[in-house]
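Undergrad: Below is the structure I would like to discuss, written out as structure tokens.
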Amino acid sequence: MITEEQIKALQSEMEGNGENQAQMAYRILEEMIVTLKLPPGSKISEKALNRSLGFGRTPLREALQRLAIEGNVKIMPRSGVIVSEIDLADQLNMIEVRRELEKIIAGRAARLAMEDQRAVFLKLAEGFERAAETNDSAIFIETDRDFNSLCIETAQNKYVSYAIGPIEAQTRRFWYLHFKRFGDLARVSLLHAHIARAIAANDEAGAREASDRLIDYVEEYTRKTLQFMGGL
């Protein structure tokens, strides 16, 4: 379970961003589900969440309804709320959609990035390269979170932002569950760095191409995982 200190830190950050209780509850619960602190198949107790998170019943229910729409939980009549299993067979379908959305985001970000944003993308590229050099997953996870947020912000398209959100959540769940066993951290870090550097250079075509190369790798390691798990 997420610690009290982590909850307070998240709440402080989100209050600073002006988020309401339902938004805060959603983000905290999504983080717990994605990072497998609430693993697939586990039952979520609204009463326990109310005690640990300190939110009222209405914000929690709004957050759970949103998570259910995105496929992260199932609300079962008379049985409560269950964290959804990860659908292995559906991963390749999701990657097909993710490929096109990621190219749109990378291309728009490269075209629209201002000087201050370009400087941050260069720092993020350096972070990814440091993760590759040291094989440090903690550096990668932190850098990737900042990179995804900045890409969405820079791309300036709310529709693609809405569309990619649930896919990113499912992708991260799959990553936490299988990447250490089947993935290559150095390789995926450098592929992210190439996208960040293309965006920093306002190279739209290069950013789209680099995004495609990343998704090529994601598909490769996903197929490898599914073959081992008997999903192909």
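The values are calculated or read from the model by the stated rules, or taken from the named source; none is laboratory data. Bear in mind that the values here come from a model prediction, so they are computed numbers and not experimental data. Backbone-built Cβ (ideal geometry, glycine too); neighbour counts: all protein chains shown. Remember, those area values only see protein heavy atoms, side chains included, never the ligands or the DNA or RNA. Shrake-Rupley method; radii C 1.70, N 1.55, O 1.52, S 1.80 Å.
Undergrad: Condition test on R173, is it open to solvent by 60 Å² or more (accessible area, probe 1.4 Å) and either in contact with a Pro (Cβ under 9 Å, 6 or more places away or on another chain) or in a helix (DSSP H, G or I) (or both)?
TA: no
Undergrad: Further question on the same structure: Against the definition (touching a residue at least 60 places away in the same chain (Cβ under 8 Å), over 20 Å from the mean Cα position of the chain (by Cα) and closer than 28 Å to Q117 by Cβ), how does E204 come out, yes or no?
TA: yes
Undergrad: Here's another thing I want to ask about it. Tally time: how many residues in region 176-214 are under 16 Å from Q91 (Cα atoms) and in a loop (DSSP other than H, G, I, E, B)?
TA: 1
Undergrad: Please go through region 55-70 and pick out each residue that is surrounded by 14 or more Cβ atoms within 10 Å (Cβ to Cβ), in contact (Cβ under 8 Å) with a residue 24 or more places away in the chain and either more than 19 Å from the chain's Cα centre (by Cα) or part of a loop (DSSP other than H, G, I, E, B) (or both).
TA: Scanning region 55-70 gives F55, P59, L60, E62, E70.
Undergrad: Scan region 217-232 and give yes if some residue there is aliphatic (A, V, I, L, M), buried (at least 18 other Cβ atoms within 10 Å of the Cβ) and under 18 Å from the mean Cα position of the chain (by Cα), otherwise no.
TA: Within region 217-232, one or more residues are aliphatic (A, V, I, L, M), buried (at least 18 other Cβ atoms within 10 Å of the Cβ) and under 18 Å from the mean Cα position of the chain (by Cα).
Undergrad: From R78, R111, R99, which residue is more than 17 Å from the chain's Cα centre (by Cα), part of a helix (DSSP H, G or I) and either over 28 Å from L177 (Cβ atoms) or in the same structural domain as N148 (by the TED database) (or both)?
TA: So the residue among R78, R111, R99 that is more than 17 Å from the chain's Cα centre (by Cα), part of a helix (DSSP H, G or I) and either over 28 Å from L177 (Cβ atoms) or in the same structural domain as N148 (by the TED database) (or both) is R111.
Undergrad: Also: Only one of (1) surrounded by fewer than 16 Cβ atoms within 10 Å (Cβ to Cβ); (2) out of contact with any Pro (no Cβ under 6 Å at 6 or more places or on another chain) fails for E85. Which number is that?
TA: Unmet condition: (2).
Undergrad: Kindly provide the set of residues from region 29-45 that are assigned to a loop (DSSP other than H, G, I, E, B), of a type outside the set (A, V, I, L, M) and at pLDDT below 85, ordered by number.
TA: T35, S45
Undergrad: Could you grab me the full set of residues in region 183-193 that are in contact (Cβ under 8 Å) with a residue 60 or more places away in the chain and open to solvent by 10 Å² or more (accessible area, probe 1.4 Å)?
TA: Listed by number, the residues that qualify are L190, H192.
Undergrad: Can you work out which of the residues in region 105-119 that are surrounded by 18 or more Cβ atoms within 10 Å (Cβ to Cβ) and of a type outside the set (D, E, K, R) is nearest to Y162 (Cα to Cα)?
TA: By that ranking, first place goes to I105.
Undergrad: Shifting gears a bit: Quick check on this structure: which one of A125, A131 is more than 21 Å from T35 (Cα to Cα) and either open to solvent by 30 Å² or more (accessible area, probe 1.4 Å) or in a helix (DSSP H, G or I) (or both)?
TA: Testing whether each residue is more than 21 Å from T35 (Cα to Cα) and either open to solvent by 30 Å² or more (accessible area, probe 1.4 Å) or in a helix (DSSP H, G or I) (or both) leaves just A125.
Undergrad: Conditions first: (1) open to solvent by 60 Å² or more (accessible area, probe 1.4 Å); (2) within 14 Å of N135 (Cα to Cα). D203 passes all but one, so which condition is the exception?
TA: (2)
Undergrad: Return the residues of region 62-115 that are of a type in the set (G, A, S) and out of contact with any strand residue (DSSP E or B) (no Cβ under 7 Å at 6 or more places or on another chain); say none if nothing qualifies.
TA: A63, G71, S79, A89, A106, G107, A109, A110, A113 - these are the residues of region 62-115 that are of a type in the set (G, A, S) and out of contact with any strand residue (DSSP E or B) (no Cβ under 7 Å at 6 or more places or on another chain).
Undergrad: Could you list, in sequence order, the residues of region 136-157 that are open to solvent by less than 20 Å² (accessible area, probe 1.4 Å) and either modelled with pLDDT under 95 or outside the structural domain of W175 (by the TED database) (or both)?
TA: Of everything in region 136-157, those that are open to solvent by less than 20 Å² (accessible area, probe 1.4 Å) and either modelled with pLDDT under 95 or outside the structural domain of W175 (by the TED database) (or both) turn out to be F140, T143.
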